[in-house]
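The values are calculated or read from the model by the stated rules, or taken from the named source; none is laboratory data. Because the structure is a prediction, the values reported are computed rather than measured. Methodologically, a virtual Cβ is constructed for each residue, glycine included, from the backbone with ideal geometry; neighbour enumeration extends over all protein chains shown.
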Amino acid sequence: MEKRPTSTLDTSKIATPAFVIEEALLRHNLSILRHVKERTGCKMYQALKAWSTWELFPVVREYLDGTEASSLNEARLGYEEFNHDVHVYAPAYKDEEFDELLRYSSTIIFNSVDQWKKFKPRIEASGKQIECGLRLNPENISKDEHGGLWSPTAPGSRLGVRRTELEAALTEDRDALQGISGFHFHVFWDKTLPDLREAVRVIEDKFGTHFSAVKWINFGGGQMITNDDYDVEGLIALINDFQTKYSVRVHLEPGAAIVKNAGALVASVLDVVERDDVPYKIAILDMSFNAHTPDFLLSRDLDMPVRGARALRDEKKLKGHAYRLGGGTCVTGDTLGHFHIFEKSLRAGDKIVLEDGIQYNMVQCTMFNGVQHPSIVLWKDDAAETLRAFTFEDYKARMG
Ligand SMILES: Cc1ncc(COP(=O)(O)O)c(C=O)c1O
């Protein structure tokens, strides 16, 4: 694989706050994903929940097959702006939305046998060729290091059909799976190949007897395929072996891996506050962590990578240019819980590059406190192109 290009972002050309996507880095990630596709024949769908800047769908479309959508809105976005290969999964579908959902979907994945049975007649009546799938829950696949938020197979999870439930449904009605052409599982977040290997082993063990009845198996997302140290060739081998063993086609739906290390949230320092009771200074930025990096704040144990700085948690070990970054809202906790040691002292006007600010944050932003919403910027050929800037009217329109 080609080496990851280095970022060429010149922050002096960026008006802040801004989510900046670097096209060369995005294409690097996408070329790794396309390599997996080309070597396995698997299908790959962009999980829109992680990042859905649709102006860049034409770029993503050069590499991937279609989109994975979690709602009517995402399905419509994928259909209208990417292509008509839209794979939808949601924990439950709404009666009044379902007919419209059928218009945009090529594949619909159900979370329970009951939901499948409920909507099957409407799919048949639509006359549209739609592939139907069932999400499986192999239970307790991975430990969740981040407070139980990210494990779809944790005890009590509402996601997917467990083996005992599937067997009970088939005992009650042995044709319960008739019309189902694929299975889906999505079992973790931010994991590496050994985790996937283990998950596949458990899934085969629990559900393998049903695989001969379907055409495709969707391995979901959660794999950091585009990380520099990911074992891409190992993934290719795993997919090829699985496809040969069961005569199915594997689908993958990466989200974070598409934009990881391919863009940043760029902010400016507005002021620096010094307190005599703490061994660090506080840099107040023209953004809000609560409003603009909500996904990141869900896992308080993760360090936010900041360009030119080293993250540190232990207050007692702070030395040099130690800062806590704070947002511009009234909330006391609108800060990064941890600290950063910068190479030099910060001053008002300095730019701060939050390296992993895009995935899952951009899609979850709020306009809390009316803080200026970060614009969306494409960095390409050493120039910044603003794809979207947000105004007072956008703020007002969300409030009433
Ligand atoms: C069903 C499903 N597919 C794909 C993804 C994408 O996962 P990731 O962004 O970790 O690759 C998610 C993320 O939550 C998901 O729930």
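Inspect the stretch 339-354 for any residue being of a type in the set (S, T, N, Q), modelled with pLDDT of 95 or more and more than 24 Å from T8 (Cβ to Cβ) and give the result as yes or no. Taking every residue of the stretch 339-354 in turn, at least one turns out to be of a type in the set (S, T, N, Q), modelled with pLDDT of 95 or more and more than 24 Å from T8 (Cβ to Cβ). Restricting attention to the stretch 381-397, the residues that are farther than 18 Å from S268 by Cα, of a type outside the set (A, V, I, L, M) and within 23 Å of the chain's Cα centre (by Cα) total 1.
Within the stretch 18-33, identify whether any single residue is among the charged types (D, E, K, R), touching a residue at least 24 places away in the same chain (Cβ under 8 Å) and assigned to a loop (DSSP other than H, G, I, E, B), and answer yes or no. Taking every residue of the stretch 18-33 in turn, none turns out to be among the charged types (D, E, K, R), touching a residue at least 24 places away in the same chain (Cβ under 8 Å) and assigned to a loop (DSSP other than H, G, I, E, B). No other residue among L297, L336, L302 is over 20 Å from L26 (Cβ atoms) and in contact with a His (Cβ under 9 Å, 6 or more places away or on another chain) apart from L302. Each residue in the stretch 205-221 was checked for being part of a helix (DSSP H, G or I) and surrounded by fewer than 16 Cβ atoms within 10 Å (Cβ to Cβ), and 5 pass. Taking residues in the stretch 230-258 that are in the same structural domain as A213 (by TED's automatic domain parsing) and aromatic (F, W, Y), and partners anywhere that are within 10 Å of the ligand (Cβ to nearest atom) and not in a loop (DSSP other than H, G, I, E, B), the pairs with Cβ atoms closer than 8 Å and at least 6 places apart or on different chains are Y230/Q223. Say we look at the stretch 152-181 and pick out the residues that are surrounded by 14 or more Cβ atoms within 10 Å (Cβ to Cβ), modelled with pLDDT under 95 and not hydrophobic (A, V, I, L, M, F, W, C); which of these is farthest from the chain's Cα centre (by Cα)? Selected residue: S157. The single condition among (1) within 13 Å of the ligand (Cβ to nearest atom); (2) surrounded by fewer than 20 Cβ atoms within 10 Å (Cβ to Cβ); (3) assigned to a helix (DSSP H, G or I) that N227 does not satisfy is (3). Touching a Leu at 6+ places or on another chain (Cβ under 6 Å) and farther than 29 Å from M1 by Cα: does that describe F207? Yes: the conditions hold for F207. Answer yes if at least one residue in the stretch 380-400 is of a type in the set (K, R), surrounded by 12 or more Cβ atoms within 10 Å (Cβ to Cβ), closer than 20 Å to K260 by Cα and in contact (Cβ under 8 Å) with a residue 12 or more places away in the chain, and no otherwise. Scanning the stretch 380-400 turns up at least one residue that is of a type in the set (K, R), surrounded by 12 or more Cβ atoms within 10 Å (Cβ to Cβ), closer than 20 Å to K260 by Cα and in contact (Cβ under 8 Å) with a residue 12 or more places away in the chain. Would you check if there is a residue in the stretch 109-118 being of a type in the set (D, E, K, R), farther than 25 Å from Q243 by Cα, touching a strand residue (DSSP E or B) at 6+ places or on another chain (Cβ under 6 Å) and surrounded by fewer than 18 Cβ atoms within 10 Å (Cβ to Cβ)? No, the stretch 109-118 contains no residue that is of a type in the set (D, E, K, R), farther than 25 Å from Q243 by Cα, touching a strand residue (DSSP E or B) at 6+ places or on another chain (Cβ under 6 Å) and surrounded by fewer than 18 Cβ atoms within 10 Å (Cβ to Cβ).
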